[in-house]
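Enquirer: Got a structure for you, written out below as structure tokens; questions coming shortly.
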Amino acid sequence: MILLLAWAAWAGPWTRDGGEVYVRVGGDAFLADQSVLPGIGTTAVVDFTGASASAYGEVGLPLPWKVMAVASVPLNVGMVTFERRDPFFDGNGDTRVVRMGDLRVGPQVALHKTIPLAAAVELKVPLYAVDSICDEETVLRDLCARPGDGQVDVTPSVLAGTSVGWGWVEGSVGYRFRTEAFLGWSEDPPPGLVDSVVGSFGLGWKPESAYVMGRVDAVVNTKHDDWTGESVRIGPVVGLEFGRGWAAEARVGADVWAEQASKGLAGGLGLSWSR
């Protein structure tokens with residue numbers, strides 16, 4: 001099956017005070033003119049489109065120290081147009097899959113009272129059953145998009161940033177533990193996925209009520225593996241604040257490098273509220 005590349009929201013190093021809230025809803029799309037299957041390579045896909053609607057939230061907890069809860073959940077749609085020529089299927093076709101994606105939830109704790117420095121732990125839990133995606137007897141099952149790898153992951157990370165006169169700088173680095181706890185696989189799951197180092201870097205400029213940020217997100221495996229996807233995505237984020245806590249955001253990202261994953265162009269729009 002084809003794996004949709006998730007573009008998860010990020011918290012940043014500024015941990016919210018108790019009672020503070022941030023909520024974001026939005027949609028993202030991913031476009032590619034080829035598909036790469038883990039362990040197989042480039043497939044017969046002509047066009048690959050992924051889309052998701054997601055909700056993301058941060059809530060500062062009423063504790064003596066800055067601690068906040070972070071959660072996100074997406075609804076994914078994967079659409080594939082393909083041209084296949086082999087003894088099992090000779091012709092053109094398309095597939096469409098609509099499923100909930102991976103729930104991502106966890107705490108973030110400030111490591112300093114005033115400096116934007118924090119530690120976070122993210123738990124990723126699949127909300128879908130991989131075996132329910134396309135008929136397991138069809139020869140076209142590998143051309144059906146799935147919203148994730150169906151595995152539980154745990155990712156601890158450290159986030160840091162600083163405000164400057166013209167904007168801000170932020171970054172993070174973490175380690176993704178692949179638990180090999182697969183959900184929704186009645187058949188044999190893929191071979192054990194390898195752990196990964198994840199990281200991000202952002203450079204932002206904030207004139208008045210608008211902001212612009214250049215961002216890099218990376219997932220790099222700790223060792224060579226034919227089944228675990230890895231990639232580097234680069235692109236801008238543009239936002240506009242309306243007042244009363246409301247803001248709109250647009251982002252675009254290009255995969256400049258990818259292994260065992262499709263390389264394409266992603267974009268999204270979002271509306272947020274905070275207090």
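The values are calculated or read from the model by the stated rules, or taken from the named source; none is laboratory data. Bear in mind that the values here come from a model prediction, so they are computed numbers and not experimental data. Positions of Cβ are generated from backbone atoms using ideal geometry, with glycine treated the same way; all protein chains shown enter the neighbour counts.
Enquirer: What number goes with the only condition from (1) at pLDDT 90 or above; (2) farther than 16 Å from residue 271 by Cβ; (3) surrounded by fewer than 16 Cβ atoms within 10 Å (Cβ to Cβ) that residue 68 does not pass?
Expert: (3)
Enquirer: Please go through segment 170-201 and pick out each residue that is modelled with pLDDT of 95 or more and among the hydrophobic types (A, V, I, L, M, F, W, C).
Expert: Those that are modelled with pLDDT of 95 or more and among the hydrophobic types (A, V, I, L, M, F, W, C): 173, 177, 197, 198, 201.
Enquirer: What tally of residues in segment 201-228 results from selecting those that are under 21 Å from residue 162 (Cβ atoms) and of a type in the set (Lys, Arg)?
Expert: Residues in segment 201-228 being under 21 Å from residue 162 (Cβ atoms) and of a type in the set (Lys, Arg): 2 in total.
Enquirer: What are the residues in segment 218-240 that are buried (at least 18 other Cβ atoms within 10 Å of the Cβ) and in contact (Cβ under 8 Å) with a residue 60 or more places away in the chain, if any?
Expert: If the condition is that a residue be buried (at least 18 other Cβ atoms within 10 Å of the Cβ) and in contact (Cβ under 8 Å) with a residue 60 or more places away in the chain, then 228, 229, 231, 233 are the ones that fit.
Enquirer: Here's another thing I want to ask about it. Does residue 111 meet the test of being more than 16 Å from the chain's Cα centre (by Cα) and surrounded by 15 or more Cβ atoms within 10 Å (Cβ to Cβ)?
Expert: Spelling it out, residue 111 is indeed more than 16 Å from the chain's Cα centre (by Cα) and surrounded by 15 or more Cβ atoms within 10 Å (Cβ to Cβ).
Enquirer: Right, something else. Evaluate the following for residue 57: is it in contact with a Leu (Cβ under 9 Å, 6 or more places away or on another chain), of a type in the set (Gly, Ala, Ser) and at pLDDT 90 or above?
Expert: In short, no.
Rundown of residues vs (1) under 20 Å from residue 252 (Cα atoms); (2) at pLDDT 80 or above; (3) over 14 Å from the mean Cα position of the chain (by Cα); (4) assigned to a loop (DSSP other than H, G, I, E, B), yes/no style:
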{"position": "29", "(1), (2), (3), (4)": "yes, yes, no, no"}
{"position": "39", "(1), (2), (3), (4)": "no, no, yes, yes"}
{"position": "47", "(1), (2), (3), (4)": "yes, no, yes, no"}
{"position": "51", "(1), (2), (3), (4)": "yes, yes, no, no"}
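Enquirer: Which count do you get for residues in segment 230-258 that are within 20 Å of residue 78 (Cα to Cα) and in contact with a Ser or Thr (Cβ under 8 Å, 6 or more places away or on another chain)?
Expert: 3
Enquirer: Would you check if residue 212 is under 25 Å from residue 175 (Cβ atoms) and either aliphatic (A, V, I, L, M) or loosely packed, with under 14 Cβ neighbours inside 10 Å (or both)?
Expert: Judged against the criteria, residue 212 is not a match.
Enquirer: Please list, ordered by first then second residue, the pairs with beta carbon atoms under 6 Å, 6 or more apart or interchain, first in segment 194-210 and farther than 17 Å from residue 11 by Cβ and assigned to a loop (DSSP other than H, G, I, E, B), second at pLDDT 95 or above and among the hydrophobic types (A, V, I, L, M, F, W, C).
Expert: 195/177
Enquirer: Just to be sure before I move on: is residue 150 surrounded by fewer than 16 Cβ atoms within 10 Å (Cβ to Cβ), touching a Pro at 6+ places or on another chain (Cβ under 8 Å) and of a type in the set (Gly, Ala, Ser) in the structure I sent?
Expert: no
Enquirer: Mind checking whether some residue in segment 90-97 is closer than 21 Å to residue 227 by Cβ, buried (at least 16 other Cβ atoms within 10 Å of the Cβ) and either among the hydrophobic types (A, V, I, L, M, F, W, C) or at pLDDT 95 or above (or both)?
Expert: Within segment 90-97 (the criterion being closer than 21 Å to residue 227 by Cβ, buried (at least 16 other Cβ atoms within 10 Å of the Cβ) and either among the hydrophobic types (A, V, I, L, M, F, W, C) or at pLDDT 95 or above (or both)), the answer is yes, since at least one residue qualifies.
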